[in-house]
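Bear in mind that the values in this text are calculations on the coordinates, not laboratory data. All values reported here derive from a predicted model rather than from experimental measurement. Neighbour counts are summed over all protein chains in view; Cβ atoms, including those assigned to glycine, are modelled from backbone coordinates with ideal geometry.
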Amino acid sequence: MLWFVFYNQKLLVKINNDTIYIPNKEDLTELETQLTKEIYIGRLGNSPCFVAEVTNEPLSLPVGLNYESLRKLYIKSEDDIFRMAGRAHQIMNWVRKHQFCGQCGVPTKNKTDELAKECPSCGATSFPRISPAVIVAIVKEDKILLARNINFPTSFYSVLAGFVEPGETLEECVQREVQEEVGIEVKNIKYFGSQSWPFPDSLMIGFTAEYADGEIAVDNMELSHADWFSCCNMPAKIPGKRTIAGRLIEWFLEQKMPLMPK
Ligand SMILES: [Zn+2]
């Protein structure tokens, strides 16, 4: 039985020889604080997994236990552990924000037959929410469009991304985001793949597209610079291959460098 315990958005982990583990119930016996909002979230291998949070940070943690941010976990942990930690994080955020009915204000109850919260007064039901976002690699001849977000470190470039708005299809979202952020038109939008992105609750849906028309004009709201990059002229820093952004860029590089040794 594994316990994903959060305090202030950070996850309690066991660190041994630089490897990250999720604590079991036994590891938590010396934790001098109460677990609340416990909920079953599925299995990791053969182990049932639960998420909970502590409302008070203990003065001292048992040896080997520490609170880590999800981003650090993303860099340091195995894929399956990170995926379940991301799920736990999103479910705990949902539990925290749906303790009361959004329609009538009465305290909600967990449904017993599914992962949902139900209002005992008006019957309103809520499920964990995810926020879909598109992410797109735009190719023009032998170049890819990469942009620097105003919040990115200098020289870090990535593909474009943006949240889906109510009422639009994913393809319409790709066209709108690209037009808003860099002022160009795209065509041949094709599905590439997807990735859960729990920062805080996104599902990234990846596409490839071809340049159709227009000149790059960055919005200066989200982006500070965007340009076309060829495979031998890539920016100094690009996303890692564990992210769908990194996989999209890798896809472009493989297409444009078929004869280069790997
Ligand atoms: Zn209600």
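Restricting to bridges with both residues inside the chain, how much of the DSSP beta-bridge set is antiparallel, in percent to the nearest 5? Write down the numbers at each step before the final one.
Details: 46 of 61 bridges.
For the chain, the DSSP antiparallel bridge percentage is about 75.
Pairs of alpha-carbon atoms within less than 8 angstrom and 6+ residues apart define the contacts here; what relative contact order does segment 45-128 have, in percent? Could you put the intermediate results ahead of the total?
On the way: 63 pairs, mean separation 15.3, N = 84.
Worked out over segment 45-128, it gives 18 percent.
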Once phi is turned into θ = phi - 60°, what whole-Hz ³J(HN,Hα) does the Karplus curve with 6.51, -1.76 and 1.60 give for every residue of segment 83-99, x standing for Gly and Pro? 4, 6, 5, x, 4, 4, 4, 5, 5, 5, 4, 5, 4, 4, 8, 10, 6
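Please state, rounded to one decimal and in Å, the Kirkwood hydrodynamic radius that the chain gives when every pair of distinct Cα atoms enters the mean of 1/r.
Details: mean 1/r = 0.0479 Å⁻¹.
Radius from the Kirkwood sum: 20.9 Å.
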Mind pulling the angle between the C-alpha long axis of helix 170-182 and the longest principal axis of the chain? Nearest 10 degrees, somewhere in 0 to 90. 70
Of 140/190; 76/97; 190/241; 97/117; 37/109; 25/111, pairs whose Cα-Cα distance is over 18 Å: 76/97; 190/241; 25/111
Could you give the size of the charge dipole of segment 60-119 about its Cα centre, using +1 on the Cβ of each K and R and -1 on the Cβ of each D and E, expressed in debye and rounded to the nearest 20? 260
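Rounded to the nearest 20 debye, what is the charge dipole size of segment 177-238 about its Cα centre when +1 sits on each Lys and Arg Cβ and -1 on each Asp and Glu Cβ? Please list the in-between numbers first.
Details: 3 positive and 11 negative charges, 78 e Å.
Magnitude of the dipole: close to 380 debye.
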Using every alpha carbon pair in segment 131-256, what percent of pairs falls into each 10 Å bin from 0 up to the bin containing the largest distance? 14, 49, 35, 3
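For segment 2-97, give the magnitude of the charge dipole about the Cα centre (Cβ charges: +1 Lys/Arg, -1 Asp/Glu; no others), in debye to the nearest 20.
The calculation lands at about 440 debye.
Run through every distinct alpha carbon pair of segment 1-83 and return the Kirkwood hydrodynamic radius in angstroms, one decimal place.
Working: mean 1/r = 0.0772 Å⁻¹.
The Cα-based Kirkwood calculation yields 13.0 Å.
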Length-normalised contact order of the chain, Cα under 8 Å, at least 6 apart, in percent, tallies to 15
Helix-only mean residue ellipticity at 222 nm for the chain, each DSSP H run of n ≥ 4 adding -39500 (n - 2.57), per residue, nearest 500: -6500 deg cm²/dmol
Debye calculation, C-alpha points only, no solvent: report log10 I(q)/I(0) for segment 118-167 at q = 0.12, 0.16, 0.28, 0.33 Å⁻¹, in the same order as the q values. -0.50, -0.67, -1.06, -1.15
